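Right, one structure below, let's go through it.
The values are calculated or read from the model by the stated rules, or taken from the named source; none is laboratory data. For clarity, every value in this text was computed on a predicted model and none was experimentally measured. Glycine also receives a Cβ, built like all others from the backbone with ideal geometry; neighbour counts cover every protein chain displayed.
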């Protein structure tokens with residue numbers, strides 16, 4: 001099994017964010033307080049760590065059919081999408097980047113500062 005691992009400095013805050021914004025409940029809580037989640041056919045773990053939010057790159061990516069609709073839905077639940085400028089033809093507009101090929105992508109941070117990406121397949 002391959003699973004994303006996302007650190008959290010405050011597990012209760014992290015679990016509340018995942019419940020509110022992504023509408024996910026842990027499938028399992030381990031002895032150390034880590035929370036296992038399932039999203040589609042993928043599992044990921046949010047675990048206690050003092051290093052939460054220190055990664056400056058995308059920590060996990062989620063494939064969605066409609067980035068614009070998903071961004072709107074997540075914004076309505078409190079997600080804040082990042083604005084990036086990667087140079088010519090690679091800038092987010094209202095949190096969404098459309099590549100020259102038409103692929104759409106967006107990024108937000110969870111409550112712990114982990115960068116989560118959304119993208120069309």
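Picking from 96, 115, which residue would you name as being within 14 Å of residue 5 (Cβ to Cβ), under 15 Å from the mean Cα position of the chain (by Cα) and at pLDDT 95 or above? Reasoning before the result, please.
On the way: 96 fails: within 14 Å of residue 5 (Cβ to Cβ).
Matching residue, one of 96, 115: 115.
Which fully enclosed strands (runs of 3 or more DSSP E) of the range 45-121 have 3 or more residues being farther than 21 Å from residue 21 by Cα? Break it down stepwise before answering.
On the way: elements: 58-63, 96-98, 104-109, 115-119.
Once the strands (runs of 3 or more DSSP E) in the range 45-121 are filtered for at least 3 residues that are farther than 21 Å from residue 21 by Cα, nothing remains.
Suppose we keep only residues that are touching a residue at least 24 places away in the same chain (Cβ under 8 Å) and in contact with a helix residue (DSSP H, G or I) (Cβ under 9 Å, 6 or more places away or on another chain) within the range 11-54. Which one would you say is surrounded by the most Cβ atoms within 10 Å (Cβ to Cβ)?
Restricting to residues being touching a residue at least 24 places away in the same chain (Cβ under 8 Å) and in contact with a helix residue (DSSP H, G or I) (Cβ under 9 Å, 6 or more places away or on another chain), the top hit is 46.
When residue 78 is evaluated against the numbered criteria (1) touching a helix residue (DSSP H, G or I) at 6+ places or on another chain (Cβ under 7 Å); (2) over 28 Å from residue 99 (Cβ atoms); (3) exposed (fewer than 13 other Cβ atoms within 10 Å of the Cβ), which criterion, by number, is the only one it fails?
(2)
Of all residues in the range 24-43, count the ones that are outside any loop (DSSP other than H, G, I, E, B) and modelled with pLDDT under 95. Lay out the reasoning, then the answer.
Step one: list which residues in the range 24-43 are outside any loop (DSSP other than H, G, I, E, B), which gives 28-29, 35-39, 42-43.
Remaining after also requiring modelled with pLDDT under 95: 38-39, 42-43.
Residues in the range 24-43 being outside any loop (DSSP other than H, G, I, E, B) and modelled with pLDDT under 95: 4 in total.
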